[in-house]
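Down below is the structure, laid out as C-alpha cells.
Please treat every number below as a calculation from the coordinates, not as lab data. Predicted model, so just to flag it, every value in this text is computed and none were measured. Every residue, glycine among them, receives a Cβ derived from its backbone with ideal geometry; neighbour counts consider all protein chains shown.
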C-alpha cells in the first residue's frame with residue numbers, strides 16, 4: 001500500500017508538458033493543460049525549424065519561459081491555438097531577452113532565413129498585460145518588461161493572421177532584419193483599471209529594411225506604427241489605429257553621438273480614431289536624417305494634434321541645436337477632425353531647417369468648430385501649407401486645449 005501511494009505521489013509530481021510529435025519534417029504541438037508548454041514548442045523549433053513545418057494546434061497553451069529561436073531556415077509555422085504568457089512578473093523581469101534598443105527586451109525572439117508564421121485568423125497571443133499595466137502605474141519603460149514578439153536578424157519572413165490581446169509591452173519589434181511582410185494582424189491593448197496601457201506600440205522597426213505592413217487593426221497606448229533609426233524602404237497600407245500615436249517616424253537621435261537615418265517610408269490609406277497624433281515625426285537633438293517620407297490618404301477623427309514635427313521630443317530643450325535633418329516629406333490627402341484648434345505644429349531645428357516639405361489636400365477641422373491653426377517654424381516656404389503662425393520649439397506633442 002505504501003509503495004502504491006509513493007508511486008501515486010511520484011506520478012503527480014511529474015510536470016505535465018505539451019505533447020510534441022514529429023512525423024517526417026512536421027512537428028505538431030498539442031496543449032498539455034499544464035503549467036508550461038514552452039519546452040514542447042522549443043523542441044518543435046529544434047527538430048523542425050530547418051527545412052520543416054511546425055504546427056501548434058488549436059487549444060490553450062501556457063508560456064512560462066522565454067523562447068529564443070535564431071536559426072530558423074526554410075520553415076513554415078502554423079499556429080491555431082491561444083498562447084498565454086503567464087503573469088510571473090519577476091520571472092520575466094529577470095529573464096526576458098535583451099534586444100539592445102533603449103534597454104528593451106522580449107519574451108519571444110525569432111530569427112533566421114526564409115520562414116513564415118501563419119495564424120489563419122485563429123492564433124491568439126495573450127500577454128496577461130493587465131498585470132503589467134497595473135504594476136507599472138502609467139510608467140512605460142520598466143527594464144525587463146518584455147515585448148511580445150521580436151524578429152531579430154530575420155530575413156525573408158511572412159507573418160499573417162494573428163491576434164494579440166493585452167500584450168505585456170510593445171506587440172512586435174523588427175530589428176536587424178530584411179524583407180519582412182506582416183499582414184492581417186489584429187492588436188489590442190486595453191486596460192480595465194485606472195492605469196493606462198503606456199508604451200504598448202503596435203510595431204517598431206529599427207536597423208531594418210524592406211518591410212511591408214498591410215491590413216492591421218491596432219488599439220494601443222502609444223505609437224501604432226513607429227519607424228525608428230536606420231529603417232529603410234518601409235511600406236504601410238490599410239491600417240486602422242485607435243487610441244494611439246498612429247503613423248510615426250521616431251523617436252530618433254538618441255544618443256546624439258550615434259547618427260540615425262530613416263529613408264523611403266510610405267504610409268497610405270490610414271485611419272486614426274481618438275489618437276494623439278496622425279502623421280508625425282519626432283526626434284531628439286541628434287544627428288542623421290529623415291528623408292523621402294510620404295503620408296498619403298490619412299483620415300482621422302478626434303486626434304489631438306494630427307501633423308506634428310519636433311526636433312527635441314520629451315525634453316523640449318536644445319530644439320534648435322539638432323542636426324538631424326528632415327527633408328522631402330509629403331503629406332497628401334490628410335483629412336479629419338482635430339481635438340483642438342491646432343491642425344499642425346511643425347518646429348524644425350534652426351541648425352538644420354526642414355527642406356522639401358510638401359502639403360496637398362489638407363482638410364483638417366477642429367471638432368468643436370472654429371478655424372484650424374497651422375503653426376510652422378524653420379521650414380521651406382514653398383511647402384503648399386498656409387501657415388497661420390510660428391511654432392515654438394517647446395510646442396508639446398499633446399495639447400490640453402486650444403492655443
Find how many whole Å separate the alpha carbon centroid of segment 91-153 from the alpha carbon centroid of segment 321-383. 34 Å
Show log10 I(q)/I(0) for segment 19-377 at q = 0.07 Å⁻¹, two decimals, from a solvent-free Debye sum over equal Cα scatterers. -0.30
CD proxy, 222 nm, the chain: helix-only mean residue ellipticity via -39,500 (n - 2.57) per DSSP H run with n ≥ 4, per residue, nearest 500, stands at -2500 deg cm²/dmol
Could you tell me how many degrees, from 0 to 90 and to the nearest 10, lie between the Cα long axis of helix 2-13 and the main elongation axis, the longest principal axis, of the Cα atoms of the chain? 20 degrees
What do you get for the angle between helix 38-48 and the principal long axis of the chain? Use alpha-carbon atoms, 0 to 90 degrees, nearest ten. 90 degrees
Can you give me the C-alpha center-to-center distance between segment 175-251 and segment 47-78, rounded to a whole angstrom? 23 Å
With 26 Å as the cut-off, how large is the P(r) tail for segment 247-403, expressed as percent of Cα-Cα pairs? 17 percent
Considering the chain as a Gaussian network with a 10 Å cut-off on Cα pairs, which listed residue, 289, 171, 120, attains the greatest mean-square fluctuation? 120
Say we join alpha carbon atoms closer than 10 Å with springs in a Gaussian network model of the chain; which of 146, 311, 392 then has the biggest fluctuation? 392
Within a 10 angstrom radius of the beta carbon, how do 153, 381 rank from fewest other beta carbons to most? 381, 153
Normalised contact order of segment 19-377, rounded percent, pairs of Cα under 8 Å and 6 or more residues apart: 8 percent
Given points 7 Å out from each Cα along the Cα-Cβ axis, report the residue 139 to residue 403 separation in nanometres with one decimal. 3.0 nm
For a quick check, take a GNM of the chain with Cα springs below 10 Å and name the residue from 84, 330, 258 with the largest mean-square fluctuation. 258
Give the order of 234, 198 when sorted by the count of other beta carbons within 10 angstrom, beginning with the fewest. 198, 234
What residues of segment 352-394 lie in the reach of a label at residue 323, counting those whose backbone N is under 16 Å from a point 7 Å from the Cα along Cα→Cβ? 352-354
Per-peptide average of other Cβ atoms within 10 Å, ordering 26-34, 104-112, 189-197 highest first: 104-112, 26-34, 189-197
How do 359, 295 rank when sorted from fewest to most other Cβ atoms within 10 Å of their own Cβ? 359, 295
7 Å from Cα along Cα→Cβ at both residue 58 and residue 73: what's the point-to-point distance in nm? 3.6 nm
